[in-house]
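**Q** Structure below; questions to follow.
What follows draws every value from the coordinates through simple rules; no lab data is involved. From a predicted model like this one, the values you see are computed outputs, not experimental measurements. Every residue, glycine as well, gets a Cβ built from its backbone with ideal geometry; the counts of neighbours run over all protein chains shown.
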Amino acid sequence: MPGEESWLIFKVSEKDPRRTTLFISVPKKVVRLSTRRNRIRRLIREAVRQDVFFSAPGIRYEFKVTAAPQGPGLEEVKAMIKKIKNQSGAGRS
């Protein structure tokens, strides 16, 4: 989707050295229907689970949805996460 603005913000911080934490925020002001908010959360969680980048212990990963995506699928979410990792310079894989 060339020219499309990012609807997802990604932040990494070091917190607890023993475990990895995942925080996903989908505000009601951005996505009104709870079923859509839950679907977006599930898709982000699944994309993160399948990506080895997020397996490092002791890191807190934060995702915030800033705009309502139009019916995202798992592949679209994976592509967005990969794009964000590459832009932030955090992409190890």
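**Q** For the chain, what does the relative contact order come out to in percent, with C-alpha contacts under 8 Å and a separation of six or more?
**A** 44 percent
**Q** Testing the spin-label approximation: label points 7 Å from Cα along Cα→Cβ at Thr21 and Ser88. State their distance in nm.
**A** In this crude label model, Thr21 to Ser88 measures out at 1.5 nm.
**Q** Non-local amide H neighbours of Arg60 (under 5 Å, H modeled in plane, Pro and chain starts lacking H): which ones?
**A** Ser13, Glu14, Lys15, Thr21
**Q** Follow-up. For segment 39-93, which trypsin sites (Lys or Arg not before Pro) pass both filters: DSSP loop (anything but H, G, I, E, B) and at most 13 other C-beta atoms within 10 Å?
**A** Arg92
**Q** Further question on the same structure: Given the rule -39500 (n - 2.57) for each run of at least 4 DSSP H residues, summed and divided by the residues of the chain, what is its mean residue ellipticity at 222 nm, to the nearest 500 deg cm²/dmol?
**A** My calculation for the chain gives -11500 deg cm²/dmol from helical runs alone.
**Q** To check my understanding: the extent here is largest minus smallest coordinate of the Cα atoms along each principal axis. What are those three numbers for the chain, in Å, largest first?
**A** So the extents along the principal axes, rounded to whole Å, are 36, 28, 19.
**Q** Choose one answer from Leu74, Leu33, Leu43: the residue with the largest mean-square fluctuation in a GNM of the chain with alpha-carbon springs under 10 Å.
**A** In the Gaussian network model the winner is Leu33.
**Q** A 23 angstrom limit on the alpha carbon distance is what I want to check against. Which of Lys28/Lys64; Lys15/Lys64; Lys29/Lys83 exceed it?
**A** Checking Cα-Cα distances, Lys29/Lys83 exceed 23 Å.
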